[in-house]
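**Q** Structure in structure tokens, see below.
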Amino acid sequence: MTEVHYRTQKVGEVDIFYREAGPADAPVLLLLHGFPTASHMFRDLMPELADRYRVIAPDLPGFGQTRAPDRSEFTYSFDKLAEVLEGFVDAIGLERFALYIFDYGAPTGLRLAIRHPERITAIISQNGNAYEEGFSDEWGAWQAYWRDPSEANREACRDSLSPETIRNWQYGTGADPELLSPDGRELDIAYMARPGAEEVQLDLILDYRSNVALYPRFQAYFRKHQPPFLAVWGRHDPAFVPAGALAYKQDLPDAEIHLLDTGHFALETHHREIAQHIRDFLGRVLPERAGSPGSPLAPPADIDFAALMGANLERVFGEHDPARRIEAIRELYAPDAILHEPDRSVHGHEAVSRAVTELLGHLPRDFVFTAVRPALGHNGVGRLQWTAGPSGGPVAVTGLDVAHIEHGLIKTLHVFLDPQGA
């Protein structure tokens, strides 16, 4: 039976509460909730996916169990939510991940995507909007507040936070009442009743206009990077209409769109159907982790071990220019690659670059790395023996690199050293 773990992670002034389930070495799916809910909206979905994926669901600042400063000391804006979220994924060591974006989670997660497109493996949008076509005609009070942030217009938005609106409009519209558990909506209502919660949410309602202003940038990201994309969308959502799901195809022609017979909180009634769509989609667009059942390693017959490992030795370990080195690392290493040195291990492009920079900083400028045995390999594992020392001088160190290679990129590299020389 799948175990869900409940954890906290410090990010600056914020204590992020999050749920996590699944194998540590599995592909990561980051689940981002919306308004006015929190990570508990994923309570039924996570066990459906955790046998195959590492699923992580944080509570954003201002929501759920996450602890953040008072609004007099902390700016509750979508830029700030994304900044804290980026700090969170860095703090728990996520290099690459798929995004599940819902409601407020869409503009928050897509800010990460446009900042770090190389980290996003796929996007699943469940009523997560990025197009003006997605707005229903129910946004009048919010749009008036965006145009004129007066106190009167702020108060007019407060009805969006009432128990009746949460219970009947957000959760109830378009959902089968016999399938709709009261648990999620009543917890959201209780969270909204906490001191100061409404003012935080009204701040975010005003700042939602910044998300609309970013839609062209989100759309440019889609056009340029073409992330694998799945929409599973409650067709009866009173806020985000099906045209918002279909609009993704303007920039992502291969997007997969499924409209479900439910409302905004589609997981409350259709979590099994959504889970099946996700499993089918991610099973096609993401590689399984090494050794996972039913996914044998593809024969790496096309790997040129000599070229790949020789380029690593010359272009990475022999390159003193930082900009060219990081460019080479991005070309030769998987984004979540691990470098195992004799005294430490580092993870990801930036960390590998820093480790090599530190190494080269201890060596004379004329130090050169030279392959002394041809690179050999089979079944995705290659090795290369090398020496290093001053140009034209005696050998100072010999070494052996052993690499695990996936999809033509170095996934892990073990470096063995013999400082006694050849």
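The values are calculated or read from the model by the stated rules, or taken from the named source; none is laboratory data. All values reported here derive from a predicted model rather than from experimental measurement. Counting neighbours? That spans all protein chains shown, and the Cβs are built from the backbone with ideal geometry, glycine included.
**Q** Please go through segment 248-260 and give me each residue that is in contact (Cβ under 8 Å) with a residue 40 or more places away in the chain and surrounded by fewer than 22 Cβ atoms within 10 Å (Cβ to Cβ), ordered by number. Break it down into steps so the answer makes sense when it comes.
**A** Of the residues in segment 248-260, the ones in contact (Cβ under 8 Å) with a residue 40 or more places away in the chain are 248, 250.
Correct list: Gln250 only.
**Q** Kindly list, by first and then second residue, each pair from a residue in segment 215-228 that is at positive phi to a residue that is aliphatic (A, V, I, L, M) and buried (at least 18 other Cβ atoms within 10 Å of the Cβ), limited to pairs with Cβ atoms under 7 Å and residues at least 6 apart or on different chains.
**A** Matching pairs, first to second residue: Gln226/Leu252.
**Q** Given the criteria surrounded by fewer than 23 Cβ atoms within 10 Å (Cβ to Cβ) and either in contact with a Ser or Thr (Cβ under 9 Å, 6 or more places away or on another chain) or within 16 Å of Phe222 (Cβ to Cβ) (or both), does Arg71 qualify? Full working, then the answer.
**A** Values: surrounded by fewer than 23 Cβ atoms within 10 Å (Cβ to Cβ): yes; either in contact with a Ser or Thr (Cβ under 9 Å, 6 or more places away or on another chain) or within 16 Å of Phe222 (Cβ to Cβ) (or both): no.
No; evaluated as a whole, the condition is false for this residue.
**Q** Going residue by residue through segment 343-357, is there one that turns out to be in a loop (DSSP other than H, G, I, E, B), over 25 Å from Ile92 (Cβ atoms) and assigned by TED's automatic domain parsing to the domain that holds Ala311?
**A** Within segment 343-357, the subset in a loop (DSSP other than H, G, I, E, B) is 343, 348.
Checking which are over 25 Å from Ile92 (Cβ atoms) leaves us with none.
Taking every residue of segment 343-357 in turn, none turns out to be in a loop (DSSP other than H, G, I, E, B), over 25 Å from Ile92 (Cβ atoms) and assigned by TED's automatic domain parsing to the domain that holds Ala311.
**Q** Tell me the residue from Tyr215, Tyr208, Tyr191 that is within 30 Å of Ser150 (Cβ to Cβ) and in contact with a Gly (Cβ under 7 Å, 6 or more places away or on another chain), please. Spell out how you get there, then give the answer.
**A** On the way: Tyr215 fails: in contact with a Gly (Cβ under 7 Å, 6 or more places away or on another chain); Tyr208 fails: in contact with a Gly (Cβ under 7 Å, 6 or more places away or on another chain).
Unique residue meeting the criteria: Tyr191.
Every residue, every condition in (1) closer than 25 Å to Thr269 by Cα; (2) out of contact with any helix residue (DSSP H, G or I) (no Cβ under 9 Å at 6 or more places or on another chain); (3) surrounded by fewer than 18 Cβ atoms within 10 Å (Cβ to Cβ), yes or no:
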| position | (1), (2), (3) |
| --- | --- |
| Tyr145 | no, no, no |
| Leu161 | yes, no, no |
| Thr165 | yes, no, yes |
| Tyr171 | yes, no, no |
| Pro177 | yes, yes, yes |
| Pro182 | yes, no, yes |
| Pro195 | no, yes, yes |
| Asn211 | no, no, no |
| Arg217 | no, no, yes |
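**Q** Quick one: in segment 322-337, which of the residues that are part of a strand (DSSP E or B) and either at pLDDT 90 or above or out of contact with any strand residue (DSSP E or B) (no Cβ under 8 Å at 6 or more places or on another chain) (or both) is farthest from Thr412 (Cα to Cα)? Steps first, answer last, please.
**A** Narrowing segment 322-337 to residues part of a strand (DSSP E or B): 333-337.
Narrowing further to those that are either at pLDDT 90 or above or out of contact with any strand residue (DSSP E or B) (no Cβ under 8 Å at 6 or more places or on another chain) (or both): 333, 335.
On the way: Tyr333: 8, Pro335: 11 Å.
Only one residue fits best here, namely Pro335.
**Q** Mind counting the residues in segment 320-351 that are surrounded by 15 or more Cβ atoms within 10 Å (Cβ to Cβ), free of Cβ contacts under 8 Å to residues at least 40 places away in the same chain and within 21 Å of Leu400 (Cβ to Cβ)?
**A** Adding up the residues that qualify gives 3.
**Q** I'd like the full set of residues that are in contact (Cβ under 8 Å) with a residue 60 or more places away in the chain and either more than 32 Å from the chain's Cα centre (by Cα) or over 14 Å from Ala307 (Cβ atoms) (or both), limited to segment 405-422.
**A** Taking segment 405-422 as the starting set, the residues that turn out to be in contact (Cβ under 8 Å) with a residue 60 or more places away in the chain are 405-417.
Across segment 405-422, the qualifying residues are Glu406, His407, Lys411, Thr412, Leu413, His414, Val415, Phe416, Leu417.
**Q** Going by the conditions given, is Pro374 part of a loop (DSSP other than H, G, I, E, B), in contact (Cβ under 8 Å) with a residue 60 or more places away in the chain and over 38 Å from the mean Cα position of the chain (by Cα)?
**A** Numbers: part of a loop (DSSP other than H, G, I, E, B): yes; in contact (Cβ under 8 Å) with a residue 60 or more places away in the chain: yes; over 38 Å from the mean Cα position of the chain (by Cα): yes.
Taking the combined requirement at face value, the residue satisfies it.
**Q** Among the residues of segment 45-68 satisfying the criterion of being under 14 Å from Ala24 (Cβ atoms) and in contact with a Gly (Cβ under 7 Å, 6 or more places away or on another chain), which is surrounded by the most Cβ atoms within 10 Å (Cβ to Cβ)?
**A** If we filter segment 45-68 for residues that are under 14 Å from Ala24 (Cβ atoms), which is where we start, we get 50-56.
Filter once more, keeping what is in contact with a Gly (Cβ under 7 Å, 6 or more places away or on another chain): 50, 53-55.
On the way: Ala50: 19, Tyr53: 25, Arg54: 20, Val55: 27.
Within segment 45-68, the match that is surrounded by the most Cβ atoms within 10 Å (Cβ to Cβ) is Val55.
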